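Have a look at the structure below, then the notes.
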Amino acid sequence: MTRIILLISFLFLFGRFVYSAIGAWYHHQDKVEAQQSSQSLDNTNR
């Protein structure tokens, strides 16, 4: 019984890790794209 509870807990933990890693990656990509677009605007204004 204890093994089943530990397995379920591990699956929840692993699932949350994957979910947060995917969200962090998308957030990072958005920041990179925003930074690149602001740099290209700065270059065109000079």
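Coordinate-derived values only; no laboratory data. Remember, it's a predicted structure, so these values are computed and weren't measured experimentally.
Select one label from [x] 27; [y] 172; [z] 83: the one whose number is volume of the Cα convex hull per residue in Å³ as derived from the coordinates shown. Answer by label: [x]. Taking the C-alpha atoms only, the angle from helix 2-45 to the longest principal axis of the chain is near 0 degrees.
In deg cm²/dmol, rounded to 500, what helix-only [θ] at 222 nm does the chain give when every DSSP H run of at least 4 residues adds -39500 (n - 2.57) and the total is split over its residues?
Details: 1 runs with 44 residues, N = 46.
For the chain, the value works out to -35500 deg cm²/dmol.
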